[in-house]
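Have a look at the structure below before the remarks.
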Amino acid sequence: MSIDLHIHSKCSDGRMTVDEIFEEASKRRIDFISITDHDSLDCQGNAKLLADKYGIKYIYGLELNISFSHPNYNNFESVSLDFLAYQYDINYQPLFEKLHQLREFRKKRAEMILEKINMEFQKENLIEFTLEDIKMIESSVDGAFGRPHIADYMVKKRIVSNRQSAFNKYLIKCNIPKMPLSLEEASELIKGAGGRLILAHPSNPRGTSLFKLTPDISKQQEIIKDSMRQYIDGVECWHSSHDKRTSESYLAFAVKLDMMVTGGSDCHQQPIIMGNVHVPYYVVHQFKN
């Protein structure tokens, strides 16, 4: 059985529609998947219907960005971490309302980022983004508005050659913090919805992970044990950014603490890496039904 429990669709910052994801998963003979869009439940109802159509096992997924700080690292300043939620009730009203708030803030954040980008354009004598440009970017968003949508528009306008160039030249420098969500609040929301909360890619050197606090895996695991364990159900051991040593270390750590283990490609479809991360079959048995 092939498993991928970390996939993004156009409802957040992926390149494929939900229909295209299931078509591709079927071609790749992936048997068990979850679409884990950022701050968005928009694809979940359709995903369940398509799972039945293609004969693929499916669990509801979601990815939440958390503001986290630790007294022993980064001068107690907060860093962003990602957490995956699975098997929650998609009709749970408090979760629905919080996601609505997060998405509304994403729109305001995007406008503030564009204002800062325009300041950079002024220095470079480039034509600034207008209200019409903002409307064009918004029209490309199927779900949660994020920096990748701005990056893609900059590529379309030939301001940069690719998405990464947009981030390197503008979006990192012009970033505005996301609406803060604490681990405690996220845990309360997901547990209240009957779901499981999983720390995503804990040692991703290029992403939102504990690597920002320390590259030492044993120290990362101490942070989880001391400051996170009471709020989360498990850890994403297998991820496209994790090498074999990292995955094995986190698996042993999770087993020792009797935590769930999950894994996935974190596929945004450029390139398509869906199903490329080997996730053991026994992961399936941790989920109800």
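Coordinate-derived values only; no laboratory data. Being a predicted model, the structure only gives us computed values, none of them experimental. We place every Cβ from the backbone using ideal geometry, glycine too, and count neighbours over all the protein chains shown.
Can you tally the net charge around Leu183? Count Lys and Arg as +1, Asp and Glu as -1, for every other residue whose Cβ sits under 13 Å from the Cβ of Leu183.
Once positives and negatives cancel, what remains is -4.
May I ask you to sort Val283, Val79 by Cβ crowding, counting other Cβ atoms within 10 Å and putting the fewest first?
If I rank by nearby Cβ atoms, fewest first, I get Val79, Val283.
Which of Ile134, Ile150, Gln164 sits closest to the plus end of the dipole of region 109-171, meaning its Cα is farthest towards the positive end, when Lys and Arg get +1 and Asp and Glu get -1 on the C-beta?
Gln164
Determine the calculated [θ] at 222 nm for the chain from helices alone, applying -39500 (n - 2.57) to every DSSP H run no shorter than 4 residues and normalising by the residue count; nearest 500 deg cm²/dmol.
Per the formula, -11000 deg cm²/dmol.
Take the cross-link list Lys98/Lys256; Lys98/Lys156; Lys135/Lys169; Lys173/Lys256; Lys48/Lys98 and give me the ones stretching past 29 Å between alpha-carbons.
Lys98/Lys256; Lys98/Lys156; Lys173/Lys256
Give, as a single signed number, the net charge of other residues whose beta carbon lies under 15 Å from the beta carbon of Lys57, with Lys and Arg counted +1 and Asp and Glu -1.
Working: positive: Arg28, Arg29, Lys48, Lys53, Lys288; negative: Asp4, Asp31, Asp52.
That sum, taken over residues with Cβ under 15 Å, equals +2.
Counting Lys and Arg as +1 and Asp and Glu as -1, each charge on the Cβ, what is the dipole of region 139-273 about the Cα centre in debye, to the nearest 20?
So the dipole magnitude of region 139-273 works out to roughly 760 debye.
Which net charge results when you count Lys and Arg as +1 and Asp and Glu as -1 among the other residues whose beta-carbon is under 12 Å from that of Arg147?
Details: positive: Arg106, Arg109, Lys116, Arg163, Lys173, Lys178; negative: Asp13, Asp152.
Value of the local net charge: +4.
Among Met154, Met179, Met259, rank each residue by its count of other Cβ atoms within 10 Å, from fewest to most, as a rough exposure measure.
Working: Met154 24, Met179 16, Met259 20.
If I rank by nearby Cβ atoms, fewest first, I get Met179, Met259, Met154.
Which residue, Ala25, Ile56, Ile223, has the largest displacement toward the positive end of the dipole of the chain when charges sit on each Cβ (Lys, Arg +1; Asp, Glu -1)?
After comparing all options, I get Ala25.
Looking at the chain as a GNM with Cα springs under 10 Å, which of Leu102, Leu181, Leu257 has the largest mean-square fluctuation?
Leu257
For His6, His100, His268, which order do you get if you count the other beta carbons within 10 Å of each Cβ and list the fewest first?
Listing His6, His100, His268 from fewest to most nearby Cβ atoms yields His100, His268, His6.
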